[in-house]
1. Would you please give the residues with an amide H less than 5 Å from that of B:VAL129, counting only those at least 5 places away or on a separate chain, with H modeled from the backbone geometry?
2. Taking each pair of distinct Cα atoms in region A:13-161 once, what is the resulting Kirkwood hydrodynamic radius in Å?
3. Starting from 0.36 nm per residue, how many nanometres of slack lie between B:LYS46 and B:GLU219 once their C-alpha separation is accounted for?
4. Could you list log10 I(q)/I(0) for region B:77-202 at q = 0.14, 0.21, 0.22 Å⁻¹, which the Debye formula gives when each Cα is one point scatterer?
5. Output wanted: per-residue J couplings in Hz (rounded whole) for region A:293-307, from phi through Karplus 6.51 cos²θ - 1.76 cosθ + 1.60, θ = phi - 60°, x for Gly and Pro.
6. Classify region A:168-298 from the C-alpha gyration tensor, please: rounded if a/c falls under 1.5, else prolate or oblate depending on whether a/b exceeds b/c.
7. For peptide B:89-99, compute the average count of partner chain beta-carbon atoms within 10 Å of each residue's beta-carbon.
8. Can you give the calculated 222 nm mean residue ellipticity of the protein assembly as shown, where each DSSP H run of n ≥ 4 adds -39,500 (n - 2.57) and the sum is split over every residue, rounded to the nearest 500 deg cm²/dmol?
There are 2 protein chains.
Amino acid sequence: MTDDYKARVATIFDVARLAGVSHQTVSRVLNDLPNVRPATRQRVEKAIAALNYRPSPAARALVTRRSRTIGLITTGGPDYGPSSAVLHFNEAARNARYAVSMASMLKSEPDSLRSAVELLLRQNVEAIVLIAAHRGALDAVQGIELGVPLVAVDSSGRSGFHSVAIDQYRGARAAVAHLAGLGHTRIRHLAGPADSMDALERVRGWRDELAARGLVALEPMVGDWSPASGFGFGTALAQQGASLDFTAVFAGNDQMALGLVHALTGHGFTVPRDVSVIGFDDIPESAYFAPPLTTMRQDFDSLGRDILFTLLAVLADEDSPGVPPMVPELVIRSSTAPPPRPSLPTGG
Amino acid sequence: MTDDYKARVATIFDVARLAGVSHQTVSRVLNDLPNVRPATRQRVEKAIAALNYRPSPAARALVTRRSRTIGLITTGGPDYGPSSAVLHFNEAARNARYAVSMASMLKSEPDSLRSAVELLLRQNVEAIVLIAAHRGALDAVQGIELGVPLVAVDSSGRSGFHSVAIDQYRGARAAVAHLAGLGHTRIRHLAGPADSMDALERVRGWRDELAARGLVALEPMVGDWSPASGFGFGTALAQQGASLDFTAVFAGNDQMALGLVHALTGHGFTVPRDVSVIGFDDIPESAYFAPPLTTMRQDFDSLGRDILFTLLAVLADEDSPGVPPMVPELVIRSSTAPPPRPSLPTGG
DNA sequence: ACGATCTGTACCAGATGCGAC
DNA sequence: AGTCGCATCTGGTACAGATCG
């Protein structure tokens with residue numbers, strides 16, 4: 001008697017009774033199957049409306065083994081890029097009448113990843129989307145027998161999964177090209193962590209663009225995306241003293257660029273007079289840094305939508321050509337400029 | 001024959017057969033019910049492991065009418081605070097063996113909110129979590145017959161729903177107190193949008209703290225959380241000319257503080273020498289702004305966990321005392337300092 | 001006779017193949 | 001042939017009854 005009065009929801013049988021048909025005729029109407037007389041369909045639909053009937057997804061999922069749910073796995077913290085992509089993906093999915101079940105994890109340990117996948121699988125998700133920065137995340141999932149398609153954000157394009165991506169490589173080349181075009185010849189790279197596919201692609205682009213121009217690549221510094229790591233390397237670089245062995249830095253993301261600039265200016269260098277800095281991502285804050293940061297804008301919104309688009313194509317079993325990767329766009333602001341006058345031979 | 005070989009998952013009957021018991025006994029061990037001989041339990045567990053059996057949530061949900069799923073609604077863009085909270089909430093939920101079905105929307109129009117709620121309800125979620133900045137979001141949901149508990153992040157505490165919050169009011173007072181303690185008497189406020197509950201609470205805190213100290217409150221500027229709006233107001237303020245009518249600004253969030261500082265310094269003012277600025281949130285970038293931003297840190301991680309904690313309590317039907325709101329913590333960096341020398345009467 | 005242990009069967013709310021009009 | 005209904009199935013849980021020491 002405690003909760004017996006719990007809103008008893010109408011079932012397909014209630015609808016059938018009210019409409020004066022059998023329950024499977026109702027089922028036909030629900031699923032838009034043929035062979036239902038228009039008049040009958042009308043009656044059923046009226047009954048459905050009258051009872052405010054909604055089919056039970058549980059019962060439906062049980063028998064169809066399909067849930068109209070997509071599993072979404074994300075790894076990493078609340079960064080602007082992934083967060084945007086998630087939001088837009090989610091909205092697109094809802095518009096396509098898919099529910100999305102989310103499993104996020106701060107760290108991407110293989111074990112937790114695997115258990116997240118299993119959790120989703122157990123929910124009968126029809127597909128899995130993986131938005132993970134770490135290469136290891138893809139590897140960890142590789143081994144699992146999924147049974148459903150998986151779409152990953154994978155700029156390396158070598159995961160074997162269906163993938164969507166932003167062309168990090170071309171973005172990086174464009175960034176370096178911008179610097180080189182300004183006259184810089186000694187362009188360092190402050191890279192993201194080695195386990196990040198995006199970071200690797202950007203390193204590759206940086207290296208190739210330098211090579212294509214006959215410029216030498218100094219050993220890249222590898223940070224962890226955080227402003228703190230940018231600050232650390234900036235401080236280390238500044239210790240070189242008054243004359244630096246470079247005139248420009250291509251930072252792997254805007255946060256590291258921020259930390260870097262902060263360290264540099266803290267040591268008496270001026271950006272961009274003494275050194276130019278270009279970032280990557282174009283987070284909303286970048287335009288208001290001091291100086292406003294030149295950076296490569298990534299269209300995360302479209303990325304999110306593209307993920308769903310790809311997913312739908314895969315689910316529809318189309319031999320999806322795949323969405324071509326977008327190319328980041330150069331946003332020129334005030335942190336880049338021509339290099340300082342050719343430095344005179346460094347005295348003792 | 002196309003997909004008949006689709007990984008046939010083991011059912012409770014398969015386990016029963018392998019263990020030599022009835023499926024019902026298997027159900028008992030699954031649900032930790034008594035009256036199962038230890039030896040039998042062992043056999044069943046071995047069979048479960050051998051078949052890698054996992055109960056079907058669909059079947060279970062069908063009969064129990066419980067889905068072990070929580071619906072999560074978020075509104076707004078990919079901001080640091082909400083994103084963090086979502087991530088931590090999600091992880092906590094998974095640890096509590098709850099799935100979370102997400103419905104995010106960039107804008108919080110009543111219609112889309114309502115349809116999101118219905119979508120989740122149809123999925124038989126056991127509860128709904130609402131992480132929305134806009135007051136209107138709560139109002140829109142008020143009218144809906146939910147049938148399940150709803151926990152909202154609501155710093156106003158007047159929504160009628162179960163709520164979790166960070167004490168924006170006390171945070172704001174602490175921010176103003178910091179400024180006042182430094183000797184400032186003319187403290188302006190750059191507020192968040194009027195439809196944000198947090199923004200309103202901060203305005204209230206700012207006003208009350210000023211009043212408590214016998215200081216006058218100049219009309220607050222209301223921005224939209226974006227650095228651009230901060231920049232806009234900063235520019236406007238700077239137009240006042242060499243002598244400003246204030247010595248400190250309490251910004252509603254770090255982004256607006258960033259834009260504000262950028263505008264001020266662009267017009268020849270120095271922070272904190274000429275004007276002190278304090279932000280709110282402590283986003284990861286704040287420590288590397290120029291100058292590093294003094295701000296009020298909000299513990300979004302704990303907020304996310306508290307949401308789940310509260311939800312669990314509500315679901316357990318406890319007369320939840322509720323988690324007491326956390327108080328933001330003052331983080332003193334370099335954007336605040338004592339006010340400039342008492343300004344001499346302004347000449348013509 | 002009786003409590004611990006286990007089994008049989010009904011049931012949740014739909015989808016679907018086959019047969020009947 | 002076009003409409004519609006009956007029976008059966010999905011994979012679990014719940015409750016009553018059977019078995020055994």
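1. Excluding prolines and chain starts, which carry no amide H, the hits are B:GLY71, B:LEU72, B:ILE73, B:VAL151.
2. Across region A:13-161, the inverse of the average 1/r is 17.7 Å.
3. Separation in residues times 0.36 nm, less the Cα-Cα distance, equals 55.2 nm.
4. -0.69, -1.32, -1.42
5. Per residue, the Karplus-derived 3J(HN,Hα) values read 8, 6, 7, 9, 7, 9, 8, 5, 4, 5, 4, x, 5, 5, 4 Hz.
6. Rounded, because the longest to shortest axis ratio a/c is under 1.5.
7. Neighbouring Cβ atoms belonging to other protein chains average 3 per residue here.
8. Using -39500 (n - 2.57) per qualifying helix, the result is -13000 deg cm²/dmol.
All of the numbers you see were taken from the coordinates with simple rules; none came from a lab. Note that the coordinates shown come from a computational prediction; the quantities given were computed from them, not determined experimentally. Heads up, the Cβs are rebuilt from the backbone with ideal geometry, glycines too, and the neighbour counts pull from every protein chain shown.
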